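**Student:** I have a structure I would like to understand better, so I am pasting it below and will then ask my questions one at a time.
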Amino acid sequence: MSSTSHLFHPPPPPRQKLAPHFIQRKRSDLRQWLGVDTPFPNRVATERPYLMTAAYNRLFTDILDYCREYASQSDTAAAQRQRVRYWTALAILRCVLSSPGAAHATLEHRKDALRAQRKEGAVGLPAVASETWISGQVLDSAEDDQAADYLPSMRVDVPGRAPDTADEKRLNNFLKRAQALSGPKADAKLREAMAAVSDLLGQGCKPIVYCRFIQTAYYVAEQLADLLQPSHPGVQVKAVTGNEGDSEQREELVYTLARHPLRVLVATDCLSEGINLQHHYDAVLHYDLPWNPNRLEQREGRVDRFGQPKDTVHTTLLFGEDNEMDMVVLDVLLRKAQAIKRSLGISVPVPVESEEVLKALVESVLLRGRTTGRQLSLGFEDARVSRLHSAWDQRAREEDQTRGHFAQHGIDPGEVDREMRAMEPVLGSEKDVELFVGHALQLFNGELRATRREGEFELHTGDLAPLMASRARGQTFPLQAAFAGNHAAAVTLLGRNHPIVATIAEMYLANALQGTQPQFARCGAGYSSLVTIRTATLVLRLRYLVKAEGVQRYAEEVVVCAFEPSGQGIHWLKPWQEKAHRLLRDTTPVGNMAAPERQEHVSWALAALEGDWHKPVVDDRTRQLAEAHMRIRGTSKSRPLQIKPHCPPDVIGCFVLVPAGGAA
């Protein structure tokens, strides 16, 4: 019995053993990292309630009665169909509460389906739909990789009889009334959203308005485009939904809108994942409440993330105070999720049981009959809600404990800083990238021109313009660029791996290897005030065969080093990279040197590279790499790294500095 139990209930993982291999960090862990502030924005969350207009409330009440009649009709021959009817009714209600546009579309679809059934003389569904399938279209399931934004679609039936003209007449009445609700006069939800967006624009924000359905997004975008013009002339409003092609096409529409200084993006959840919006937008309005807190966090996480230039992002929940389904979702799920995040600083996924609880709660709206006043106690008193919240609290506690085990406390920030600084001479710092780009562009008749804003430049590509047009698509030149820090959305951050930097480096190296243009020379000599004795600086490519944990790999790196003449041949300057980098970076010519003299100095340096000249450099770098590997592994039990260097290293460049007085 014990062995069987062990098979099905394995013991918890040994956290102490796992801790050295896993790291989990909160945003708060990174706000101050290695003595540098990480600029994460602050999130300011607000709620904006509204009350439905009398006309909208009457339509919703009549459709609710219609849906209750439809959902409550018994179908002893097919219990599954009756369950599907519940979800069909809830789908209709959710669309009606979303917008007049979504209401009209779903009612039109139902009318067409009933007309088709009446014409065919069919009674009942042609095939029994899966309850899981249809409920997934109504709920915002956490299991979906991509949230659907289309209207729930299903073939409907009238139990026990074929639909007749009375059914169609009733739907026609609903359709006419729904169409009349368009606009701010009859649609209080739209009116409140317009006021919220106007407030955000007035604060200088670039808001995203999230809707559940495609039809709602188009309706809201069309209305806002007209309503906002008087108070915000020139504002551009665009809807981006699942109808707009694939993800790349939608992304292009988003970036096109971002070129307008005064803009509002209306989107469905097709944009809640997979696209970074923090550079172009800084506020979120939830026009439709998502029925899953994970979706709420995904929406807000598009703008509340690293790289957001604003110090503060604003999020707004729009909900109907007299809308029972909104209140259930808000009280049972969304506010609970927000409370946990405020407490822990992280979002804890909602338990799977939440969908079952939500199903029961919103379904009960259909079953309990008409209420008067704000009788919304089901969300607060239902025992299932209490069990859900208890399970959620327990999960939050477990998540907090797990993150405590796998937090960054086992990492010595000082050690990380030392390793990063040790790599800086090899990879180059942000300042090195800036200096390289500025120098290289001049050789291609381009320019990196400083602007009035600190740390920002105007990049002119010069002779590289045709190549840049194909390599850096979507960029407009001259380019507003920076190499470090957090800047406005219009400024492109150029790191060493950015296509623009990579293209400049590639063309620089290609010209240097050709050896036909003196401005791209791989060797040279000049007078310098930084040296008192003739000093050669070398750019070397070191190659290694590395074996770790039984896996063999090839690796290479570029190392710069410098030497002076000595009685024994050459004397290497240490520390290797730091000394050579300083000589190359900080020296300035102090006089002209004739070509024959330059050739003589370079010939001297290359002639000094005899025998095992490279051994001190290669041996030291091999030792440093092995030690760094062991430090990063963090345990003496790890097998040592086996490194076999390839000798001699390749000499990529040779530059000789001669004392300003010309002495050798």
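**Student:** Mind jotting down the distance between the C-alpha centroids of region 532-579 and region 461-510, whole Å?
**Tutor:** What the calculation gives is 30 Å, centre to centre.
**Student:** Of the GluC sites (Glu not before Pro) in region 557-611, which ones lie in a loop per DSSP and count no more than 11 other C-beta atoms within 10 Å?
**Tutor:** Sparse-neighbourhood loop GluC sites (Glu not before Pro): Glu610.
**Student:** For Leu584 paired with Arg397, estimate the spin-label separation in nm (one decimal), with each label point 7 Å from Cα along the Cα-to-Cβ line.
**Tutor:** 5.9
**Student:** Enter the accessible area of Lys176 (Å², nearest 10), with the probe set to 1.4 Å and all protein chains included.
**Tutor:** 150
**Student:** With respect to the cross-link table entries Lys238/Lys359; Lys238/Lys310; Lys310/Lys336; Lys310/Lys579; Lys189/Lys359; Lys310/Lys341, which display a Cα-Cα separation exceeding 30 Å? Display every interim value, and only then the final one.
**Tutor:** Values: Lys238/Lys359 33 Å; Lys238/Lys310 22 Å; Lys310/Lys336 27 Å; Lys310/Lys579 40 Å; Lys189/Lys359 24 Å; Lys310/Lys341 21 Å.
Distance filter (> 30 Å) returns Lys238/Lys359; Lys310/Lys579.
**Student:** To one decimal place, what orientation-averaged projected area in nm² is obtained for the convex hull of the Cα set of region 262-320? Show your work: numbers first, answer last.
**Tutor:** Numbers: hull surface 17.5 nm².
That works out to 4.4 nm².
**Student:** Using only Cα atoms, what is the ratio of the radius of gyration of region 474-598 to 2.2 N^0.38 Å?
**Tutor:** Output field value: 1.41.
**Student:** Estimate the FRET efficiency between Cys647 and Ala465 by the formula 1/(1 + (r/R0)^6), using the beta-carbon distance for r and 56 Å for R0, to the nearest 0.05.
**Tutor:** Approximately 0.85, to the nearest 0.05.
**Student:** For Ala166 and Asn57, what does the FRET efficiency come to when R0 = 22 Å and r is the distance between their Cβ atoms, rounded to the nearest 0.05?
**Tutor:** With R0 = 22 Å, the Cβ-Cβ based efficiency is 0.35.
**Student:** Follow-up question, since we're still on this one. Roughly how many Å² of Val590 are accessible to a 1.4 Å probe, to the nearest 10?
**Tutor:** Roll a 1.4 Å probe over it and Val590 shows about 80 Å².
**Student:** Please express the Cα-Cα pair-distance distribution P(r) of region 511-664 as a list of whole percents, one per 5 Å bin, running from 0 to the bin with the greatest distance.
**Tutor:** With a bin width of 5 Å, the distribution comes to 2, 8, 16, 19, 17, 13, 10, 7, 5, 3, 1, 0.
**Student:** Also, quick follow-up: Suppose every K and R has +1 on its Cβ and every D and E has -1 on its Cβ; what is the size of the dipole of region 427-531 about the Cα centre, in Debye to the nearest 20?
**Tutor:** Dipole size: approximately 100 debye.
The values are calculated or read from the model by the stated rules, or taken from the named source; none is laboratory data. Quick caveat, the model's predicted, so the values are computed rather than measured. Cβ atoms come from the backbone with ideal geometry, glycine included; neighbour counts cover every protein chain shown. The protein model used for the area step is the full one, side chains on, heavy atoms only, and it has no ligands, DNA or RNA in it. Shrake-Rupley method; radii C 1.70, N 1.55, O 1.52, S 1.80 Å.
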